[in-house]
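The block underneath contains the structure these notes are about, expressed in structure tokens.
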Amino acid sequence: MANVPAELKYTREHEWAKVEGDRARIGITAFAQEQLGDVVFVELPKVGAKVTALKTFGVVESVKAVSDLFAPVSGEVVEVNAELPKKPELVNTDPYGQGWMLVIKMTSPKDVDGLMSAADYEKLTAGGGH
Amino acid sequence: MRYISNTPAQQKEMLGVIGAGSIEDLLVRIPTKARLSRPLNLPRAMAETDLIRHLQRMAGLNAGADDHVCFLGAGSYDHAIPSPINHLISRGEFFTAYTPYQPEASQGTLRSIFEYQTMMAELTGMDVANASIYDGASSLAEATLMAHAVTGRDTLVISRGVNPLYRQVVETYVEGPALKIKSVPLGDGVTDVDALRKALSKHSATVVIQYPNFFGCLEDVRGIADIAHEAGALLVVVADPINLGLLTPPGACGADIVVGEGQGLGVPMSFGGPNLGVFAAKQELVRRMPGRLVGATVDVDGQRGFVLTLQTREQHIRREKATSNICTNVALCALMATIYVSILGKRGLRKVGELSTAKAHYAARELTKIPGVSLRFAAPFFKEFTLQLPKSPERVIKRLMKDRLLAGVPLKGFDRAYKDCLLVAVTEKRTKDEIDAYAAALAAAVA
């Protein structure tokens, strides 16, 4: 069973969001990285870029596939994990910690209400991979 | 001989399964007037000896570079082809292989492609080259789509110095994604930089130039790179790799993507194809690069081996999100180029460039001594130049054909503004006698 921290919010596309005031730190879940396999490349937007909830903001590439990354919330990118271009494997080894991707300054903190709880996300992924 | 391998009984059985009465019934949606209502009017079958005689007679009607002295260029050049190329590519292991679809089982093919990529990357001055694309025109079209994907911008700024046929292919490719094209005029043979500056905006994905350009003239790649980059656009340079043994590689002048026609590198002119599409880019753009890419690695035992790498970019894995729908390469033509560069080496390739440009300048000097004949542009040229003639180029060409001289490419069909112009290419293959004979024949034809 994949690790689903209770304090985080989730999307159906397997991103997590950690809300810190009007900011959200985001990444992909442990379940997502397990499904992808070894991550070899992460393409992220630059600081200052605008992202829109449920629209793509980047790409994660593993040895198996290239997948789009979906923003859990709308806003402006205020931080980008500069380690990921050099160490994309952090997404595998520590998806909720050092494998974080962006910090977004939310335009509408209400976006968070639309995200899934840990319990709901756990139910979504309970069926295992496909 | 019958070409349909199933019997009438089998056909009847298959038609029965799908509930059709006859094969004709399957074609009813095609209007009758668009269908052939009689058997094809084909001549009777010939014996092999008769057939060879017949085909040779037909082939004899062609004017080729083997039996004529060729000053044609405009994208396809009569460079010398060393004999070993044909012998080596005729080996079954190479000749029958297609672009590898079970790649790791084809280590030899992958190795040859890896060597090709390395050579093209070095010649163009770029970090990485792909396994090749169909031809120079499709390479350019793919490069413009890539520039659009990288920058997220939708206008292509293309110099009129780029081969008009390539520009047409780009127009076709970008119709789907609805990209806009802005043409930049020439000022005396090279891209007008003031017009270029005016054409650029925050919507410009790329600036495309050709070096040397379609008319033979040498563009200021460095200066244009700066202008493109200031506007946030990528610089795409179309270059013929055979010239790059002598000319500074576009990569060293600020190009982001270098594409070109590699036919000169040991591939016969063959009536315009198959050709060799060269495609090279900077390292940071590698994941947006179209086409196949071979990488070197080590296996579990630490032995060197080759793989198709970054395949996740490709259409057969990424489907609708692929960087391009090209999933193949021109493996045999790429092999010809690989063998060519191996045989000539660094010095040989340089020599080809030196001889071509020296002979082209000798030819230009001799031809412009003829009254009424002049160079159309003052800009420096490499191995090709644009002549202005006092008589119709089409008529001059016809006249010189009688002396077994292919005088050049008339420019009227490309642009009516150049209806009195002839594009002349001179490779290292041309001798002084041939050039002098051309000058004498041209003098007589325009007198």
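The values are calculated or read from the model by the stated rules, or taken from the named source; none is laboratory data. Worth saying up front: this structure is predicted, and the values here are computed from it rather than measured. Here the Cβ is made from the backbone with ideal geometry for all residues, glycine too, and neighbour counts use every protein chain on show.
Of all residues in segment A:105-126 being assigned to a strand (DSSP E or B) and among the hydrophobic types (A, V, I, L, M, F, W, C), which is farthest from A:LEU8 (Cα to Cα)?
That would be A:MET106.
If you go through segment A:12-25 one residue at a time, do you hit one that is over 13 Å from the mean Cα position of the chain (by Cα), within 14 Å of chain B (Cβ to nearest Cβ) and at pLDDT below 95? Even if it seems obvious, please write down each step before you answer.
First pass over segment A:12-25, keeping only residues over 13 Å from the mean Cα position of the chain (by Cα): A:20-23.
Next, only the ones that are within 14 Å of chain B (Cβ to nearest Cβ) stay: none.
Within segment A:12-25 (the criterion being over 13 Å from the mean Cα position of the chain (by Cα), within 14 Å of chain B (Cβ to nearest Cβ) and at pLDDT below 95), the answer is no, since none of the residues qualifies.
So how many residues does segment B:27-80 have that are of a type in the set (Val, Ile, Thr) and touching a residue at least 60 places away in the same chain (Cβ under 8 Å)?
Of the residues in segment B:27-80, 1 are of a type in the set (Val, Ile, Thr) and touching a residue at least 60 places away in the same chain (Cβ under 8 Å).
Conditions tested, residue by residue: (1) modelled with pLDDT of 90 or more; (2) not assigned by TED's automatic domain parsing to the domain that holds B:CYS217; (3) not hydrophobic (A, V, I, L, M, F, W, C).
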site	(1), (2), (3)
B:MET58	yes, yes, no
B:ALA97	no, no, no
B:TYR101	no, no, yes
B:GLN107	yes, no, yes
B:THR118	yes, no, yes
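I'm checking my understanding of the structure. Among residues of segment A:60-83 that are away from chain B (no Cβ under 14 Å) and in a loop (DSSP other than H, G, I, E, B), which one is surrounded by the fewest Cβ atoms within 10 Å (Cβ to Cβ)?
Here the residue is A:ALA82.
Output the number of residues of segment B:150-164 satisfying the condition of being surrounded by fewer than 24 Cβ atoms within 10 Å (Cβ to Cβ), outside any loop (DSSP other than H, G, I, E, B) and without any contact (Cβ under 8 Å) to a residue 60 or more places away in the chain.
Result for segment B:150-164: 1.
For segment B:7-27, does any single residue satisfy the condition of being surrounded by 11 or more Cβ atoms within 10 Å (Cβ to Cβ) and among the small types (Gly, Ala, Ser)? Lay out the reasoning, then the answer.
Within segment B:7-27, the subset surrounded by 11 or more Cβ atoms within 10 Å (Cβ to Cβ) is B:10-15, B:20, B:23, B:25-27.
With the extra rule that they be among the small types (Gly, Ala, Ser), the set shrinks to B:20.
The answer is yes, given that some residue of segment B:7-27 is surrounded by 11 or more Cβ atoms within 10 Å (Cβ to Cβ) and among the small types (Gly, Ala, Ser).
Anything in segment B:264-277 that is under 13 Å from B:MET336 (Cβ atoms) and in contact with a helix residue (DSSP H, G or I) (Cβ under 8 Å, 6 or more places away or on another chain)? List them, or say none.
B:GLY264, B:LEU265, B:GLY266, B:VAL267, B:PRO274, B:ASN275, B:LEU276
Within segment B:372-424, work out how many residues are assigned to a loop (DSSP other than H, G, I, E, B), under 18 Å from B:LEU218 (Cα atoms) and in contact with a helix residue (DSSP H, G or I) (Cβ under 8 Å, 6 or more places away or on another chain).
3
Could you list, in sequence order, all residues of segment B:425-438 that are assigned to a helix (DSSP H, G or I) and either surrounded by fewer than 19 Cβ atoms within 10 Å (Cβ to Cβ) or touching a strand residue (DSSP E or B) at 6+ places or on another chain (Cβ under 7 Å) (or both)?
B:LYS432, B:ASP433, B:GLU434, B:ASP436, B:ALA437, B:TYR438
So B:GLU314 fits all but one of (1) in contact with a Ser or Thr (Cβ under 7 Å, 6 or more places away or on another chain); (2) farther than 19 Å from B:SER112 by Cβ; what number is the exception?
(1)
When you scan segment A:88-100, do you find a residue that is under 25 Å from B:LYS321 (Cα atoms) and either more than 15 Å from the chain's Cα centre (by Cα) or within 14 Å of chain B (Cβ to nearest Cβ) (or both), even just one?
Yes, segment A:88-100 has at least one match.
Taking B:LYS198 as the residue in question, decide whether it is without any contact (Cβ under 8 Å) to a residue 60 or more places away in the chain, part of a strand (DSSP E or B) and of a type in the set (D, E, K, R). Explain how you work it out, then say what you get.
Values: without any contact (Cβ under 8 Å) to a residue 60 or more places away in the chain: yes; part of a strand (DSSP E or B): no; of a type in the set (D, E, K, R): yes.
So B:LYS198 fails the test.
Among the numbered criteria (1) crowded, with 22+ Cβ neighbours inside 10 Å; (2) within 20 Å of the chain's Cα centre (by Cα), which single criterion is violated by B:PRO410?
(1)
Exactly one of these conditions fails for B:THR309: (1) on the phi > 0 side of the Ramachandran plot; (2) within 14 Å of chain A (Cβ to nearest Cβ). Give me its number.
Result: B:THR309 fails condition (1) only.
Restricting attention to segment A:50-59, and to residues there that are surrounded by 14 or more Cβ atoms within 10 Å (Cβ to Cβ), assigned to a loop (DSSP other than H, G, I, E, B) and on the phi < 0 side of the Ramachandran plot, which single residue is farthest from the other protein chains (Cβ to nearest Cβ)?
For segment A:50-59, the residue satisfying everything is A:ALA53.
Just one of (1) surrounded by 14 or more Cβ atoms within 10 Å (Cβ to Cβ); (2) in contact with a strand residue (DSSP E or B) (Cβ under 6 Å, 6 or more places away or on another chain) trips up A:VAL47, so point out which.
Failing condition for A:VAL47: (1).
Of B:THR328, B:THR357, which residue is more than 14 Å from chain A (Cβ to nearest Cβ), touching a Leu at 6+ places or on another chain (Cβ under 8 Å) and either part of a helix (DSSP H, G or I) or touching a residue at least 60 places away in the same chain (Cβ under 8 Å) (or both)?
B:THR357 is the lone residue from the list that is more than 14 Å from chain A (Cβ to nearest Cβ), touching a Leu at 6+ places or on another chain (Cβ under 8 Å) and either part of a helix (DSSP H, G or I) or touching a residue at least 60 places away in the same chain (Cβ under 8 Å) (or both).
For segment B:69-82, indicate whether the set of residues that are within 30 Å of the chain's Cα centre (by Cα) and more than 30 Å from B:LEU387 (Cα to Cα) is non-empty. Walk me through it before giving the result.
Here is the first cut: in segment B:69-82, the residues within 30 Å of the chain's Cα centre (by Cα) are B:69-82.
Retained after the next criterion (residues that are more than 30 Å from B:LEU387 (Cα to Cα)): B:82.
Yes, segment B:69-82 has at least one match.
For segment B:263-271, state whether one or more residues are within 14 Å of chain A (Cβ to nearest Cβ), surrounded by fewer than 24 Cβ atoms within 10 Å (Cβ to Cβ) and not aliphatic (A, V, I, L, M).
no
Would you confirm, using the coordinates I've provided, whether B:LYS369 is surrounded by fewer than 18 Cβ atoms within 10 Å (Cβ to Cβ), basic (Lys, Arg), in a helix (DSSP H, G or I) and outside the structural domain of B:GLN263 (by TED's automatic domain parsing)?
Answer is no for this residue.
Can you tell me which residue in segment A:28-49 is farthest from the other protein chains (Cβ to nearest Cβ), limited to those that are assigned to a strand (DSSP E or B) and within 24 Å of B:GLY152 (Cα to Cα)?
Ranking the candidates gives A:VAL42 first.
Checking B:GLU219 against (1) crowded, with 16+ Cβ neighbours inside 10 Å; (2) of a type in the set (Asp, Glu); (3) not in a loop (DSSP other than H, G, I, E, B), which single condition isn't satisfied?
All conditions pass for B:GLU219, except number (3).
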